[in-house]
Every structure is written in structure tokens, then in C-alpha cells.
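Quick note: the coordinates plus some simple rules give every number you see, no bench work behind them. The structure presented is a predicted model; accordingly, all values stated were derived computationally and were not measured.
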Amino acid sequence: MTDSAHSSVHRGTASDLASGPPAVLDPGLLAALAEAADALPEWAQSLAPEDRLDGDLALDESEFAVLDALLRERFGADLGALRAGLDVAGLAALTVGDLAGLVRR
């Protein structure tokens, strides 16, 4: 995604049914997402945990590779290993919230 604005962000998921305040995303994770997507930092500030990396953010494979390298460097997190363990439906369902959980480990 070389465009600094992401198109329609899907926010109508099962995550919406959870009670409580919205999750706060790690600023370092948001910065890594913006860098990987070649987007402005303001773009990342609009992200929500339920945003899907593939469907909502439209990250391509080169952006996933950059994101994997950034997460390894900054958090010691292995996005490649996580993605390798998922089937096609799991890859399509991978969210920003899933990344947040990965970097917290």
C-alpha cells in the first residue's frame, strides 16, 4: 500500500460485541505498520484492533515482509512464523489486534 490513506476500514466484526473500552494499541506497533505500509503516521492512528491486515489494510506480500522485519527488530516477534501456521481463512482474518497480541508475548 503506497497510498497514505487506507480505503474502507471494516469495523463490523465479532470484536464489536466485546464490552469495555476500546483497546489501546502500542505506539511502536502503529509506527511499524505505518512504515511497512509506506503511510503517514496519522494513517496508523486511525487503526483499530479489528482491522484485518489483508482485507482492510490491503497489505501486500512485500509490506508483510517489511512488517515482519520491523516486528522482529523492535519487539522480537515473528510474524512470519505466525502466518506460516495459518490456513487461507486464518491469513485473511489476521488483525491488528492479533499483531498487538504477538508483540506483547
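Every pair of different Cα atoms in region 57-105 enters the Kirkwood calculation, which places the hydrodynamic radius at 11.0 Å.
The stretch between Ser46 and Arg72 holds 7.0 nm of extra length on full extension. This uses 0.36 nm per residue minus the Cα-Cα distance.
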